[in-house]
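Beneath this line is the structure, given in structure tokens, with notes to follow.
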Amino acid sequence: MIDEIRDAAGACIVIGGGLAGLSAALALAPQPVILLSKAPLGREASSALAQGGVAASIGFDDNVSLHLADTLEAGDGLCDEDVARRILAAAPAAIEDLIRLGAPFDRDQDGNLLLGLEAAHSRRRIVHAGGDSSGREIMRALTRLAYETPSITIIERAAARRLIVEDNAVAGLVVNTHCGPVFFACDRIVIATGGVGGLYEHGTNPAGSFGQGLALAAEAGALMADLEFVQFHPTALDGKSFPLKLISETVRGEGAILIDETGHRFMAGVPGAELAPRDVVARAVWRRMTAGHRVFLDARDAVGDDFPRRFPAIAGFCRDEGIDPAAQPIPIRPAAHYHMGGIAVDLAGRTSVEGLWACGEAACTGLHGANRLASNSLLEAAVCGRFVAESISGTSARRPAKTAPSARFVGSDPAPVRGVLSSAAGVLRDADGLRNAVRALYPMAQGDGPARDAAIVALMIVIAALRREESRGAHARTDFPGKAVEARRSFLKLDEALDLAREFAVEPVA
């Protein structure tokens with residue numbers, strides 16, 4: 001039962017303390033904001049784990065058109081070109097804004113920003129901080145500023161559990177806190193909760209990133225888009241940690257190669273080789289592993305003894321696993337890394353529910369299409385967080401609900417879902433595996449146990465993957481290896497997904 005009722009008093013509630021949520025909250029100042037974070041602010045956010053940096057066309061040999069061309073190529077026909085152009089055009093200003101907010105980007109001896117190269121980029125355009133610690137350094141600056149901003153009320157260790165919607169408009173939010181469930185009467189909410197890597201057995205996102213924001217929006221009736229597209233990073237450190245530590249693409253950008261235990265460089269004959277788009281590299285690594293091989297990233301010749309200086313965070317991860325990357329190949333494997341799909345939004349971050357916005361990885365703007373271009377994610381979070389703030393500033397307050405819901409809300413546990421989704425909707429998929437996943441997930445999504453929210457998101461991903469009978473970008477079907485003639489985005493609501501799942505659930509198992 002609800003222990004406390006609070007009136008948000010006209011404040012906008014931002015759910016999520018990563019780069020997208022912080023960008024929106026800071027851009028809304030001096031308007032009042034309530035910022036909810038499941039963990040202490042700045043911790044357990046995917047943004048803080050980002051190593052590469054922020055993609056922006058600021059080099060002397062670069063421009064927005066080139067950045068757009070690379071983005072569209074990686075997106076494999078599904079990017080919204082107009083949206084992509086607007087977001088990428090805002091990148092140089094976003095870099096300046098982050099610098100103003102305190103982001104300590106790396107510079108050369110003359111004070112110029114250093115630019116890195118990552119896979120599928122035609123130019124050096126990755127602005128980074130602390131070498132391979134970009135996300136951590138950016139988040140440190142923005143977190144400090146959020147604490148210092150009087151208009152932002154930060155509530156930590158608070159998990160949003162249910163959106164209350166009346167006549168397709170936001171009317172309130174139920175939040176689990178360390179003091180018990182609290183109902184906030186509010187009419188403007190931003191979902192900035194990150195991705196779905198925590199739904200997989202091997203992922204690079206924090207364990208708590210299992211699509212909570214998507215479940216909130218889906219149960220409120222919001223439209224979802226492109227859910228089947230989950231990007232697997234091809235080079236996660238194959239160790240014992242959860243989440244797996246990421247070996248940034250910048251290591252390959254500096255010349256590191258992929259080999260198996262025999263020393264065979266299996267990407268040598270592929271266009272782009274180790275710097276091919278992530279989906280291409282991830283599938284090549286996965287196929288090598290399923291053929292019985294171990295796979296390694298070898299930086300000995302390309303970086304060698306300079307590795308600890310060039311990549312201090314990665315060198316630390318490797319040391320923890322007993323590996324010296326200057327002298328040994330690094331064992332790697334693909335891991336769920338980024339969700340191109342999410343809550344369907346327009347360029348202003350508006351969802352199909354009035355009073356509900358979304359930004360960052362939880363949202364699907366159409367920028368990434370079927371496969372995200374490296375380092376466009378932090379860019380999208382920073383740019384679209386500000387777009388959302390501008391949209392909210394142009395709205396007027398409505399009358400939120402005053403009566404709290406009477407339902408009981410239990411905790412969330414994605415553990416029962418991980419094995420099911422990893423097996424069915426991993427790097428490679430097929431109809432039999434996806435249908436079996438539907439049968440396993442449907443009862444959990446219909447129940448009221450702790451796996452419910454995670455199962456809802458996983459079920460919608462699986463249904464979307466079943467409906468896309470082609471291979472495109474990060475979605476690879478072994479039973480439909482070809483690409484459809486017409487590229488179409490996919491859209492799905494929870495009610496529709498449950499109806500389809502019900503049909504699969506009663507089918508006899510083949």
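Here, each number is a calculation from the coordinates, and none is a lab measurement. It should be emphasised that the depicted structure is a prediction, and the values quoted were computed from it without experimental measurement. Methodologically, a virtual Cβ is constructed for each residue, glycine included, from the backbone with ideal geometry; neighbour enumeration extends over all protein chains shown.
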Report task. Rank GLY304, GLY322, GLY269 by how far each Cα sits towards the positive end of the charge dipole of region 236-337 (+1 on Lys, Arg Cβ; -1 on Asp, Glu Cβ) and give me just the farthest. Result -> GLY269
Report task. With viscosity set to 0.890 mPa s and temperature to 25 °C, compute the Stokes-Einstein D of region 107-180, Rh being the Kirkwood radius across alpha carbon pairs; µm²/s, no decimals. Result -> 147
Report task. Compute the normalised compactness of region 236-337: alpha-carbon radius of gyration over 2.2 N^0.38 Å, N being the residue count. Result -> 0.99
Report task. Return the loop-located GluC sites (Glu not before Pro) in region 234-312 (DSSP other than H, G, I, E, B) with at most 14 other Cβ atoms within 10 Å of their own Cβ; answer none if there are none. Result -> GLU261
Query raised in the report: What's the longest bit of the chain with no exposed trypsin sites (Lys or Arg not before Pro), using DSSP loop states and at most 10 other Cβ atoms within 10 Å as the test?
Result: 1-239
Report task. No other cysteine beta carbon under 4.7 Å away is the test; run it over the chain and list who passes. Result -> CYS12, CYS79, CYS179, CYS186, CYS318, CYS364
**Report entry** Expected 222 nm ellipticity per residue - DSSP helices of 4 or more, -39500 (n - 2.57), all of the chain, to 500
**Finding:** -10000 deg cm²/dmol
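In debye to the nearest 20, how big a dipole does the chain give about its Cα centre with +1 on each Lys and Arg Cβ and -1 on each Asp and Glu Cβ?
600
Computed over the Cα atoms of region 370-482, what is the convex hull's projected area averaged over all directions, in nm²?
Details: hull surface 42.0 nm².
Its Cα hull, projected and averaged over all orientations, spans 10.5 nm².
Under Stokes-Einstein, with the Kirkwood radius over Cα pairs standing in for Rh, what whole-number D in µm²/s applies to the chain at 25 °C and 0.890 mPa s? Present the calculation step by step, with values, prior to reporting the outcome.
On the way: Rh = 22.8 Å.
It comes out at roughly 107 µm²/s.
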Report summary line: Check: C-alpha center region 304-356 vs C-alpha center region 20-74, spacing in Å is 14
Query raised in the report: Taking +1 at the Cβ of each Lys and Arg and -1 at the Cβ of each Asp and Glu, which of VAL345, ILE191, LEU88 sits farthest along the dipole of the chain towards its positive end, judged by Cα position relative to the Cα centre?
Result: ILE191
Query raised in the report: Given charges of +1 on the Cβ of Lys and Arg and -1 on the Cβ of Asp and Glu, with all other atoms neutral, how large is the dipole of region 236-337 about its Cα centre, in debye to the nearest 20?
Result: 300
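List every DSSP H helix in the chain whose Cα atoms extend 24 Å or more along the helix's own long axis and whose mean Kyte-Doolittle hydropathy is at least 1.0.
Span-like helices here: none at all.
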Report task. For region 1-72, state the average projected area of the convex hull of the C-alpha atoms over all orientations, rounded to one decimal in nm². Result -> 8.4
Query raised in the report: Given ASN436, PRO405, VAL485, which one lies farthest toward the positive end of the charge dipole of region 356-508, if we put +1 on the Cβ of every Lys and Arg and -1 on the Cβ of every Asp and Glu?
Result: PRO405
